[in-house]
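A quick write-up on the structure given underneath.
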Amino acid sequence: MVEKCVTITVKKKPALQPKFEIVQLSPSKTTITEGEPLNVGVWVKNTGNAGGTVTVKLKIDDTVKAQKSIYIDPGSFEIVSFHISGLSAGTHTICAEI
């Protein structure tokens, strides 16, 4: 009798979970006049294998000024828009956080 065998590996199914990343942060302008409103777009992508909800925070000079929660399907992206007003004269740092 002749026998031939092979070994196989069976992996667990990966857990279904969303994974979010900020793809782009885009203010409508980089220079504005004091008191002028500013629109900021944040592109968020779900690179995970399940849909999910993410909260996007917009920070100006390390202070959260606005936040929005959105649902994103796996493999998709959404643009979260923020409207900011009341910035004083000077240089400000705008950041998005998830």
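Taken as Cα centroids, segment 56-77 and segment 1-43 sit 14 Å apart, rounded to the nearest whole angstrom.
Taking a 32 Å limit on the Cα-Cα distance, which of the listed pairs Lys19/Lys65; Lys11/Lys59; Lys29/Lys68; Lys11/Lys45; Lys12/Lys65; Lys13/Lys65 fall beyond it? It would help to have the intermediate numbers written out before the result.
Numbers: Lys19/Lys65 24 Å; Lys11/Lys59 41 Å; Lys29/Lys68 21 Å; Lys11/Lys45 27 Å; Lys12/Lys65 42 Å; Lys13/Lys65 40 Å.
From Lys19/Lys65; Lys11/Lys59; Lys29/Lys68; Lys11/Lys45; Lys12/Lys65; Lys13/Lys65, over 32 Å: Lys11/Lys59; Lys12/Lys65; Lys13/Lys65.
When +1 charges are put on Lys and Arg Cβ atoms and -1 charges on Asp and Glu Cβ atoms, the dipole computed for segment 20-97 relative to its Cα centre reaches about 60 debye. Considering only Thr93, Ile60, Thr9, the residue lying farthest towards the positive end of the dipole of the chain is Thr9, judged by Cα position with unit charges set on Cβ.
Temperature 4 °C, viscosity 1.567 mPa s: under these conditions the Stokes-Einstein estimate for the chain, based on its Kirkwood radius over C-alpha pairs, is 81 µm² per second.
Every read-out reported here was derived from the displayed coordinates using simple, explicitly stated rules and does not represent laboratory data. Bear in mind that the values here come from a model prediction, so they are computed numbers and not experimental data. Every residue, glycine as well, gets a Cβ built from its backbone with ideal geometry; the counts of neighbours run over all protein chains shown.
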